[in-house]
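Working notes, beginning with the structure itself.
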Amino acid sequence: MTLLHASAKFLRYRTRLCPDSAFDRNVKYLGRYRLACNASATHVAVARTGSLALTTGMRSNLQVAHHVHDCTVADSVTAVPGISNVVVALRLPLARIVSGFQRRTGNHDQKGDDADSMNKEKASNRLFYKLFGANQDVNEYLDALRLPSHPKHADALRAVYGPARQSYMLPVCEFYLKGYASAFGCNAEGTATSDAAEPGYPPPPNVHFICTQSLAEDFNNVVRELHLHNEMQAHADKHSSSSNSNAAALGGGKDVDAKLVPSAENKAWVEKMYAGDIRLYNKHCVR
């Protein structure tokens, strides 16, 4: 199976996971919750973009909060009628990938460690660690995905693309904004070409893009815009927004492990695969 076919199948499968998730199982409860608290906003939990801090921030403001990586913007507005605002966090795709790789390969053998328990709970995570945990070299991982001739290529596809696999590989444009990509500037021009949803999708909500490098500041701007009350403390999410993975994605630096710095070939490949996400990031987060 080629990477293109695997990733396309990955996205198709993941779009069916939200209705079976904790988010959707609680739709009736969330509907009552929304009405009781007059909630008008929710968010999508993009993995490795400060999603836990965002969930906590939304919950503290009595908005509809969840931490399900498989729920999209369209899911968010259809699951709980009356929601008109959705917060979406953005991060450089390469930084998300480096962060996710660190998460899956770090501290696997330390008993009781959070990363260890996360790795052991899914067969795909155990396979991922078996493939890449020994060397902890992000280029071995990206080479295995990118090159069909790589000896670990087939196993890497199985560990990454498929049911309940690596959520940090899900693209924002093709997955989380599916049905609205043209309305939010995911296209080659980087500008919105339509203010309408694609056929079969509800009208687009107000999407508030925030950025991990200024997560608290951006979230608090949304809090004030929506007349909410509880602001997020700075550095509320130290793990996902770590300077280490960000620096590695940008080419390394002092105290950055060289094994976490993607090669020029892998950097170019990721930028091609996530071109829409990078356009969105540049539009909203490069200041």
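In the structure shown, the pairs 178/272; 130/254; 122/254; 152/267; 152/254 are assessed against 23 Å; a Cα-Cα span above that value is assigned to 130/254; 122/254; 152/254. Spacing of the modelled spin labels on residue 258 and residue 52, each 7 Å from Cα toward Cβ, amounts to 3.2 nm. Taking the Cα centre of the range 169-234 as reference, the dipole from Cβ charges on Lys and Arg (+1) and Asp and Glu (-1) amounts to some 120 debye.
When peptides 169-180, 209-220 are sorted by average Cβ neighbour count within 10 Å, with the highest value leading, the order is 169-180, 209-220. Show the residues, 5+ positions off or on another chain, whose built amide H is closer than 5 Å to the amide H of residue 207. Correct list: 86. Residues whose amide H lies under 5 Å from that of residue 90, counting only those 5 or more places away or on a different chain, are 210, 211, 212; hydrogens are built 1.01 Å from N in the peptide plane.
Each reported figure results from applying straightforward, stated rules to the coordinates on display, with no laboratory input. Owing to the predicted nature of the structure, the values given are computational and were not obtained by experimental measurement. Glycine gets a Cβ as well: all are built from the backbone with ideal geometry, and neighbour counts include every protein chain shown.
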